[in-house]
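K.L.:
First the structure, which I've put down as structure tokens, then a few questions once you've had a look.
The values are calculated or read from the model by the stated rules, or taken from the named source; none is laboratory data. From a predicted model like this one, the values you see are computed outputs, not experimental measurements. Here Cβ is always computed from backbone atoms with ideal geometry, including for glycine, and neighbour counts include all displayed protein chains. Surface areas here come from the heavy atoms of the whole protein model, side chains and all, with no ligands, DNA or RNA. Shrake-Rupley method; radii C 1.70, N 1.55, O 1.52, S 1.80 Å.
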Amino acid sequence: MESHTDGVTRCYTKYIFLDVVQFSKRSAEAQTEIVSRLNELVRTSLDAVNINYDDDTILIPTGDGVCIGLISPSLPYDIHIQVALTTLELLSNHNEATQDESRRFEVRVGINQNTDILITDINGRRNIAGAGINMASRIMDKADGRQILVSQAVFHELQPSERYMDKFKSYPASGKHGTSFQVYQYLGDGHAGLSKEIPSAFVASKPKMKRLTEEAAHYVAQAIVHRDDLMRIKANVGHFWEDAAIILLRFLAHDSYALSRVGEFGDQPITFTKGAGHNTLDEQYEYYASQDVWVRGDAEAHIVSGPFNEGFDLARYSECFEGENDYSMHYAFVNKTGVRRLSEEWPDVWNQFELENHT
């Protein structure tokens, strides 16, 4: 602790910020008991590492948690993380021994260290304020229950020691007003109550699947209806041209979609599929397979990812088709995901094609 003539007392502090997960969703009675239990666990943890409450700490209640400020320069270099681990272990024991689910709880932990200022709060008690405690709170916000995240300053102090070497994983984080900072998750082994899962704040969210357009729904339906026939053709011909099958399904889908849009007194739409109404599927496939390979290739590319073909832009729905990756997709054959999505997103199309008879 260092006093200055400007009247400000500055103090190098190590922070452990604890926050109860989903505290606001509990009853008032449960909240009261949880806060009481957390306070007991914190004091037990401090006792376990021989910390003097009067000289070594500032305990700041936060409503749904507590911030522990460790201000004694004589404390061990890793005292903050040891207190956090002890608290998580004690909490794990509490949860195992507690049968009432509403009284079980988890805490998330943010750890930082910084030179901040000592103040006297409105209750006349010693308190602390500054960038260090604020950052501890921001770091904690990125953690999930039973996880410990630390600041870059803490990481740089702990990492060189064998005890902590290679025990952290780094994540880039952002806070209010676009501020960026680095956090480090502690991943040490053998600590009861410690979660080493990736914090949900840093789990890459899967892109939301785009709903099938009605045109694409007709394509998927046609592919389901004709799957067995196409598989039979594939098994019987010398070389199966999947681009020809895709072109055929595209025209079949166009025709069924156009027909579905005709009102009670509307004119019948012009069909695009070669031999529609009188040729077999085998004959239709043979016609498209007999076209020039470059013509078929261009047509297939346009159907799969054509910029002016949005309704039938199959690449947007690649998860609905068979294939291993972006380079080996089989857009003539629908997988289970495609079947499920068609039934959920377009039940009218599903019923129109009576697809329960084809799946």
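K.L.:
Can you go through 44, 32, 57 and tell me which one is farther than 19 Å from residue 149 by Cβ, open to solvent by 30 Å² or more (accessible area, probe 1.4 Å) and in contact with a Leu (Cβ under 7 Å, 6 or more places away or on another chain)?
P.N.:
Numbers: 32 fails: in contact with a Leu (Cβ under 7 Å, 6 or more places away or on another chain); 57 fails: open to solvent by 30 Å² or more (accessible area, probe 1.4 Å).
Within the list 44, 32, 57, the selection yields 44.
K.L.:
Hey, can you tell me all the residues within the range 226-249 that are open to solvent by 40 Å² or more (accessible area, probe 1.4 Å) and either part of a helix (DSSP H, G or I) or closer than 22 Å to residue 335 by Cα (or both)?
P.N.:
227, 228, 229, 231, 232, 234, 235, 236, 241
K.L.:
Quickly run through the range 64-100 and pick out the residues that are surrounded by fewer than 16 Cβ atoms within 10 Å (Cβ to Cβ) and not in a helix (DSSP H, G or I).
P.N.:
73, 74, 76, 77, 98, 99, 100
K.L.:
I would also like to ask the following. May I ask you to list the residues in the range 199-231 that are touching a residue at least 12 places away in the same chain (Cβ under 8 Å) and under 17 Å from the mean Cα position of the chain (by Cα)?
P.N.:
199, 200, 201, 202, 209 - these are the residues of the range 199-231 that are touching a residue at least 12 places away in the same chain (Cβ under 8 Å) and under 17 Å from the mean Cα position of the chain (by Cα).
K.L.:
Restricting the search to the range 24-64, which residues are without any contact (Cβ under 8 Å) to a residue 60 or more places away in the chain and of a type in the set (Gly, Ala, Ser)?
P.N.:
24, 28, 36, 45, 48, 63, listed by residue number.
K.L.:
Kindly provide the set of residues from the range 101-125 that are surrounded by 20 or more Cβ atoms within 10 Å (Cβ to Cβ), within 27 Å of the chain's Cα centre (by Cα) and within 27 Å of residue 155 (Cα to Cα), ordered by number.
P.N.:
Scanning the range 101-125 gives 107, 108, 109, 110, 111, 112.
K.L.:
From the list 277, 193, 238, which one is of a type in the set (Gly, Ala, Ser) and in contact (Cβ under 8 Å) with a residue 60 or more places away in the chain? Steps first, answer last, please.
P.N.:
Details: 277 fails: in contact (Cβ under 8 Å) with a residue 60 or more places away in the chain; 238 fails: in contact (Cβ under 8 Å) with a residue 60 or more places away in the chain.
Only one candidate passes the filter, namely 193.
K.L.:
Just to be sure before I move on: is residue 128 open to solvent by less than 30 Å² (accessible area, probe 1.4 Å) and either free of Cβ contacts under 8 Å to residues at least 24 places away in the same chain or within 18 Å of residue 181 (Cα to Cα) (or both) in the structure I sent?
P.N.:
So residue 128 fails the test.
K.L.:
Select from the range 243-271 the residues that are of a type in the set (A, V, I, L, M, F, W, C) and under 19 Å from residue 230 (Cβ atoms) and list them in ascending order.
P.N.:
Narrowing the range 243-271 to residues of a type in the set (A, V, I, L, M, F, W, C): 244-249, 251-253, 258-259, 262, 265, 270.
244, 245, 246, 247, 248, 249, 251, 252, 253 - these are the residues of the range 243-271 that are of a type in the set (A, V, I, L, M, F, W, C) and under 19 Å from residue 230 (Cβ atoms).
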